[in-house]
1. What are the pairs with Cβ atoms under 6 angstrom where one residue, in the range 239-262, is within 18 Å of Met226 (Cα to Cα) and the other, located anywhere, is open to solvent by 70 Å² or more (accessible area, probe 1.4 Å)? Sequence gap at least six, or different chains.
2. Sort out which residues of the range 170-181 are closer than 30 Å to Pro253 by Cα and touching a Gly at 6+ places or on another chain (Cβ under 6 Å), and write them in order of number.
3. Kindly indicate whether Asp179 is open to solvent by 30 Å² or more (accessible area, probe 1.4 Å) and on the phi > 0 side of the Ramachandran plot.
4. Determine if the range 106-122 includes at least one residue that is charged (D, E, K, R), out of contact with any Lys or Arg (no Cβ under 7 Å at 6 or more places or on another chain), farther than 23 Å from Lys223 by Cβ and open to solvent by 20 Å² or more (accessible area, probe 1.4 Å).
5. Return the pair list, or none, for Cβ contacts closer than 8 Å from residues in the range 282-299 that are free of Cβ contacts under 8 Å to residues at least 12 places away in the same chain to residues that are charged (D, E, K, R) and surrounded by 16 or more Cβ atoms within 10 Å (Cβ to Cβ), at least 6 apart or on different chains.
6. Take the residues of the range 11-67 that are at pLDDT below 50 and touching a Gly at 6+ places or on another chain (Cβ under 6 Å): which is nearest to Asp159 (Cα to Cα)?
7. Please work out if Phe91 is under 16 Å from the mean Cα position of the chain (by Cα), more than 19 Å from Tyr138 (Cβ to Cβ) and either at pLDDT below 95 or open to solvent by 20 Å² or more (accessible area, probe 1.4 Å) (or both).
8. Just give me the residues in the range 242-285 being part of a helix (DSSP H, G or I) and open to solvent by 50 Å² or more (accessible area, probe 1.4 Å), in sequence order.
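The values are calculated or read from the model by the stated rules, or taken from the named source; none is laboratory data. These numbers were taken from a predicted model, which means no experiment stands behind them. For neighbour counting, all protein chains shown are included, and Cβ atoms are generated from backbone atoms with ideal geometry for every residue, glycine included. All accessible areas refer to the heavy atoms of the entire protein, side chains included, with ligands and DNA or RNA removed. Shrake-Rupley method; radii C 1.70, N 1.55, O 1.52, S 1.80 Å.
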Amino acid sequence: MFVTHGVRRGVLAVVAVVGVVFVASAPAFAQEPKDPNRGALMLTGSIDFLNQYMFRGIRQNSSGIATWPAVDLGMAAYSGEGGLKSVGVNFGTWNSLHTGDTGQDGPSGKLWYESDFYASLGLGFGGGTSFTTTYTAYTSPNNGFSTVKEIMFKLAVDDSAKLGKGAVKPYIAIAREFDTSYDSLTGVGTGQADGGTSAGTYLELGIAPGYAASKASIGFPIKVGMSLGDYYELAGTDNKFGFFSIAGIITVPLGGTTSFGAWNIHGGVEYQKLGTTTEALNGGEGNQVIGSFGFGFSY
């Protein structure tokens with residue numbers, strides 16, 4: 001995601017999802033548990049363990065493991081029968097703790113590599129269509145990268161009501177960096193994922209087909225990350241293709257829904273094919289395989 005001293009980072013596509021309701025480790029294609037909390041607020045959280053942290057195809061650690069604790073508070077602000085079906089507001093934090101070269105074993109000697117804060121406004125319409133606006137501030141407690149600020153717009157369609165098991169749940173997301181700078185003397189850009197000369201605009205296209213049963217759910221999210229302008233800069237060139245990702249993840253509920261919420265255990269594998277810029281930032285390796293394992297809850 002961000003670059004400092006030539007190190008970049010990324011995200012496992014099937015684990016971190018921002019939407020009308022953000023669930024950092026429970027994928028959008030999982031079967032939703034019965035809600036033990038019938039109020040307007042929902043608390044979700046997770047902790048995940050990964051062998052590699054990639055953010056939009058950009059490597060963030062070369063050794064050790066990454067641990068992702070996250071928590072989100074969602075509020076159902078409106079529900080109606082007109083053209084606008086629902087309004088949701090979410091606030092949360094997402095973190096990455098590293099044992100390797102960008103964390104505990106790195107120059108800082110500190111485990112806490114990343115801490116993100118986000119706020120989102122989600123609008124739900126008929127036909128399963130939703131539009132979400134999300135502000136995110138990506139920060140590094142151990143000074144592994146400069147703070148990146150971003151505004152993202154995401155249009156998604158949940159077509160499961162019409163297509164059932166054949167649903168693919170397509171989406172498109174556009175994110176724009178702002179409050180960036182570039183030092184021509186050092187050749188380092190701050191506030192940017194690629195550390196380039198200009199603020200970038202990111203485009204992501206994806207689908208999330210899957211199947212949910214009472215005892216487990218499985219999904220196969222697929223996405224492509226591209227630059228709409230200056231997002232994947234390398235040696236003065238903005239390479240449009242960032243990465244292609246395909247993943248599989250299984251989620252298993254832990255017992256039924258209780259007064260302490262609904263809990264699950266999940267694990268997955270993701271494959272990423274990298275573009276010219278992301279391959280260069282990944283030490284010349286054009287392919288990446290990421291494994292993950294974790295726990296999630298909602299209340």
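1. The qualifying pairs are Asn239/Thr276; Phe244/Lys273; Ile246/Tyr271.
2. Just the residues of the range 170-181 that are closer than 30 Å to Pro253 by Cα, to begin with: 170-173.
Hit for the range 170-181 is Tyr171, nothing else.
3. Details: open to solvent by 30 Å² or more (accessible area, probe 1.4 Å): yes; on the phi > 0 side of the Ramachandran plot: yes.
So Asp179 passes the test.
4. Initial filter on the range 106-122 (charged (D, E, K, R)): 110, 114, 116.
Cutting the leftovers down to out of contact with any Lys or Arg (no Cβ under 7 Å at 6 or more places or on another chain) gives us 110, 114, 116.
If we keep only those that are farther than 23 Å from Lys223 by Cβ as well, we get 110.
Still in the list and also open to solvent by 20 Å² or more (accessible area, probe 1.4 Å): 110.
Looking for residues that are charged (D, E, K, R), out of contact with any Lys or Arg (no Cβ under 7 Å at 6 or more places or on another chain), farther than 23 Å from Lys223 by Cβ and open to solvent by 20 Å² or more (accessible area, probe 1.4 Å), one finds at least one in the range 106-122, hence yes.
5. Note: pairs meeting the criteria are Glu285/Glu279.
6. At the first step, the residues of the range 11-67 found to be at pLDDT below 50 are 11-33.
Subsequent filtering for residues that are touching a Gly at 6+ places or on another chain (Cβ under 6 Å) retains 14, 20-22, 25-27, 29.
Numbers: Val14: 19, Val20: 16, Val21: 17, Phe22: 19, Ser25: 22, Ala26: 19, Pro27: 16, Phe29: 11 Å.
Applying the filter and picking the extreme gives Phe29.
7. Numbers: under 16 Å from the mean Cα position of the chain (by Cα): yes; more than 19 Å from Tyr138 (Cβ to Cβ): no; either at pLDDT below 95 or open to solvent by 20 Å² or more (accessible area, probe 1.4 Å) (or both): yes.
When the stated conditions are applied, Phe91 does not pass them.
8. Of the range 242-285, the ones part of a helix (DSSP H, G or I) are 276-281.
Within the range 242-285, Thr276, Glu279, Ala280 qualify.
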